[in-house]
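Structure first, commentary second.
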Amino acid sequence: MHVVNQSQTRTNTRRWTRILGPPLIILAVAAAMLSAACSDDAEQAESEQPTRAAQAAAQVEQQEQQQQERQEVAYQQQAMQQQQEVAYEQQQAQQAAAEYQQEAEEAEYEQAEEAMEDEAEEASSETSSGGSDVQRPSLSAGEVNDNERWDEYLQYRSEYAFLHVHDVDISERYIITVTDSAGLPLPNTRVTVSAGDVQLFQANTYADGRTLFFPRAFAASDDALGFTVVVERDGARQQVEVPRGGPTDWPITLDIERTEYDGVPLDILFLLDATGSMADEIEQIKDTLLSIASRISELPSQPDLRFGMVAYRDRGDAFVTRVYDFEPDANTFLNTIRSVVADGGGDNPESLNEAIHEAVHEPQWRLDEGIRLMFLIADAPPHLDYANDYSYAQEMMQAHNRAIKTFAIASSGLDAQGEYIFRQIAQHTMGRFIFIVYGGGGTTPHNVGQYTVERLDDLVVSLVQQELAHLSP
């Protein structure tokens, strides 16, 4: 039994060996292959480890750089915002200072105007004869010629540059004077100024043979080193070349004799503010205009005289402008003056832009002969906020081109802005700024320096006589 069992055991062993041998061999081979693969992976991992570390470091560096760039952008934006805030604060401070200065000027004007109105009321009550028969006091006035006091005027413009106006650069000025062969002034002579092939300026001369040229009012003159001036009248022509920056007086002579008149053609137009704010003075102004018209019509020189008028109010009133064309009959014109009634308005500025446009272009001015004078009488500046409106600055330049000399008369209540604009108009057209004064000393709130005082009608008649004297034989 024992022998059989050993034989059986060996038989069984061989059987199991045959059964399990192939799988075990496969398992051994697989184990060997797995071991080799693991060894390869370990070696690959060990070889890739430095590369991954470098990539991670590069990624960290890139992230740090991006964060630094974002911080720099944020710092720049913050700095720009701070600069904008500082600039805005500076702008607000400048604007506040300008507004404060303007308010102070207006307050000073109002105080002076109140004092003058009190004096006027006192003077009016002293001249009353009782009942409805009141002797109105004569208006008194002062005047300033800004073209003669040129440096003072430029200083005034600099001090009041903060005002809201339509400005024209007149800081560079040349005076062109045209005379005939005998040295007499030649009025209504055509003057043309060019820079190269570009025409800058064209105008007629005034009664004294002069006109004004302001190069900086024309952008095309910015690079000009000199100018060509051509003067023409009655078929005669003269051309001169003038360097820029030299003498400011340009005298030019035409080889002709001036035409002499038996009666010098004289057109006078009154541009009258007829709004309600003028009601306190309109009757005195009408009396003054009546006196002026009567006295000029009786001058010994016996000019060929015509009167015209443009009355104006404001948008929304019964009318904006009413044009009364030139009338040779003084009595008819006196009735026109008497018909004016002050009404409307409501706010301080009025439609002066449209009114001065009408005054320059609508009446039948005699543009080729004689003398043309306009007297603006008002107590308020023009509206500068209206859409589809004219510009007083452009209209004063048109008046200058047509040699319509304008005298701007400030009635009581004209503020600092109005004074600046009135003086612009008068200076540009070679006229004068006139201002009504009150009281024994003739006080005024206007920044005009020294001045003399006389009756308004005497002053205006004297100015007209001065113009006529330029054309006297």
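The values are calculated or read from the model by the stated rules, or taken from the named source; none is laboratory data. These numbers were taken from a predicted model, which means no experiment stands behind them. Neighbour counts run over all protein chains shown; Cβ positions are idealised from the backbone, glycine included.
Structure values in brief
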item: Which listed residue is among the charged types (D, E, K, R), outside the structural domain of GLY345 (by TED's automatic domain parsing) and buried (at least 22 other Cβ atoms within 10 Å of the Cβ), from ARG244, ARG258, ARG233, ARG216; result: ARG233
item: Check on ILE421, assigned to a strand (DSSP E or B) and either surrounded by 21 or more Cβ atoms within 10 Å (Cβ to Cβ) or among the basic types (Lys, Arg) (or both); result: no
item: Pairs with Cβ under 7 Å, 6+ apart, first in region 441-460 and under 16 Å from PHE407 (Cα atoms) and of a type in the set (Val, Ile, Thr), second at pLDDT 90 or above and assigned to a helix (DSSP H, G or I); result: VAL460/ILE292
item: Pick from region 303-328, criterion assigned to a loop (DSSP other than H, G, I, E, B) and among the hydrophobic types (A, V, I, L, M, F, W, C), ranking: surrounded by the fewest Cβ atoms within 10 Å (Cβ to Cβ); result: ALA318
item: Matching strands (runs of 3 or more DSSP E) fully within region 191-302 where at least 1 residues are at pLDDT 95 or above and either acidic (Asp, Glu) or in contact with a helix residue (DSSP H, G or I) (Cβ under 6 Å, 6 or more places away or on another chain) (or both); result: 198-204, 226-233, 236-243, 249-253, 265-273
item: Checking ASN331 against (1) of a type outside the set (Gly, Ala, Ser); (2) touching a Leu at 6+ places or on another chain (Cβ under 7 Å); (3) part of a helix (DSSP H, G or I), the condition it does not meet; result: (2)
item: Residue, farthest from LEU459 (Cα to Cα), within region 137-190, restricted to residues that are of a type in the set (S, T, N, Q) and out of contact with any helix residue (DSSP H, G or I) (no Cβ under 9 Å at 6 or more places or on another chain); result: SER181
item: Odd one out for GLU358, checked against (1) within 22 Å of GLU327 (Cβ to Cβ); (2) surrounded by 18 or more Cβ atoms within 10 Å (Cβ to Cβ); (3) in contact (Cβ under 8 Å) with a residue 60 or more places away in the chain; result: (3)
item: Answer residue from region 128-154, given it is surrounded by fewer than 12 Cβ atoms within 10 Å (Cβ to Cβ) and among the polar types (S, T, N, Q) and is modelled with the lowest pLDDT among those; result: SER129
item: Qualifying residue in region 144-156 (condition: over 30 Å from ILE436 (Cβ atoms) and in a strand (DSSP E or B)); result: no
item: Residue count, region 426-442 (criterion: β-branched (Val, Ile, Thr) and either more than 30 Å from the chain's Cα centre (by Cα) or part of a loop (DSSP other than H, G, I, E, B) (or both)); result: 1
item: Check on ARG295, touching a Ser or Thr at 6+ places or on another chain (Cβ under 9 Å), surrounded by fewer than 18 Cβ atoms within 10 Å (Cβ to Cβ) and of a type in the set (Lys, Arg); result: no
